[in-house]
1. Looking for something closer than 15 Å to Ile15 by Cα and either in contact (Cβ under 8 Å) with a residue 12 or more places away in the chain or open to solvent by 40 Å² or more (accessible area, probe 1.4 Å) (or both) - is there at least one such residue anywhere in region 74-95?
2. Can you confirm whether Ala52 is touching a Gly at 6+ places or on another chain (Cβ under 7 Å) and either more than 19 Å from Asp123 (Cα to Cα) or part of a helix (DSSP H, G or I) (or both)?
3. Report yes if Gly14 is closer than 14 Å to Thr118 by Cα, small (Gly, Ala, Ser), surrounded by 14 or more Cβ atoms within 10 Å (Cβ to Cβ) and at pLDDT 95 or above, otherwise no.
4. Picking from Ser70, Ser51, Ser38, which residue would you name as being surrounded by fewer than 15 Cβ atoms within 10 Å (Cβ to Cβ) and closer than 24 Å to Val11 by Cα?
5. Inspect all residues belonging to region 86-94 and state whether any of them is touching an Asp or Glu at 6+ places or on another chain (Cβ under 9 Å), assigned to a helix (DSSP H, G or I) and of a type outside the set (Phe, Trp, Tyr).
6. Regarding region 97-110, can at least one residue be identified that is of a type in the set (Asp, Glu), at pLDDT 95 or above and surrounded by 15 or more Cβ atoms within 10 Å (Cβ to Cβ)?
7. State all residues of region 111-138 that are at pLDDT below 90, open to solvent by 70 Å² or more (accessible area, probe 1.4 Å) and not in a helix (DSSP H, G or I); if no residue qualifies, say none.
Amino acid sequence: MNKYVSALLRVGLGIMFLIHGLDKFQTGIENVAGYFGSIGLPGFFAYIVASAEVAGGIALILGLLTRVVSGGFILIMLGAIISVKLPLGFLGNGQMPGYELDIAYLLIALHLMFAPATAFAVDRLLFRDNSAAEEAVE
């Protein structure tokens, strides 16, 4: 049963990151790069983050390299919390949201990084030896 709940978390997180990444491109990646520059980050990080969110989101939806992608998303969330959200507080400042959603994304990614391969994941096909042993434990 846990592998199905984990699969829902994996697909849900993948969809959320995919949408966030696409939004960065659709609203103008140059604007996002400018924002990154305004908070002291190199503007090219916007391209890296947006690309990682799109590619990683697709990979999570498919269940491809779930642990690696989840580790990358943890780093992105830590960067967002530390560089932008922390001064706003947990719930935000009334104009911008706080870091509560970022913490939720981070915790889901942390779960996926250490959980066994989820149901309906390409990882289960690629790493067959592990999934059989994990199913015996469940």
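1. The initial filter retains those residues of region 74-95 that are closer than 15 Å to Ile15 by Cα, namely none.
The answer is no, given that none of the residues of region 74-95 is closer than 15 Å to Ile15 by Cα and either in contact (Cβ under 8 Å) with a residue 12 or more places away in the chain or open to solvent by 40 Å² or more (accessible area, probe 1.4 Å) (or both).
2. yes
3. Answer is yes for this residue.
4. On the way: Ser70 fails: surrounded by fewer than 15 Cβ atoms within 10 Å (Cβ to Cβ); Ser38 fails: closer than 24 Å to Val11 by Cα.
Going through Ser70, Ser51, Ser38 in turn, the sole match is Ser51.
5. Within region 86-94, none of the residues are touching an Asp or Glu at 6+ places or on another chain (Cβ under 9 Å), assigned to a helix (DSSP H, G or I) and of a type outside the set (Phe, Trp, Tyr).
6. Within region 97-110, one or more residues are of a type in the set (Asp, Glu), at pLDDT 95 or above and surrounded by 15 or more Cβ atoms within 10 Å (Cβ to Cβ).
7. Hits for region 111-138 are Phe127, Glu138.
The values are calculated or read from the model by the stated rules, or taken from the named source; none is laboratory data. A quick note: this is a predicted structure, and the numbers were derived from the prediction, not measured. Every residue, glycine among them, receives a Cβ derived from its backbone with ideal geometry; neighbour counts consider all protein chains shown. Heads up: the accessible areas ignore ligands, DNA and RNA and are worked out on the full protein's heavy atoms, side chains in. Shrake-Rupley method; radii C 1.70, N 1.55, O 1.52, S 1.80 Å.
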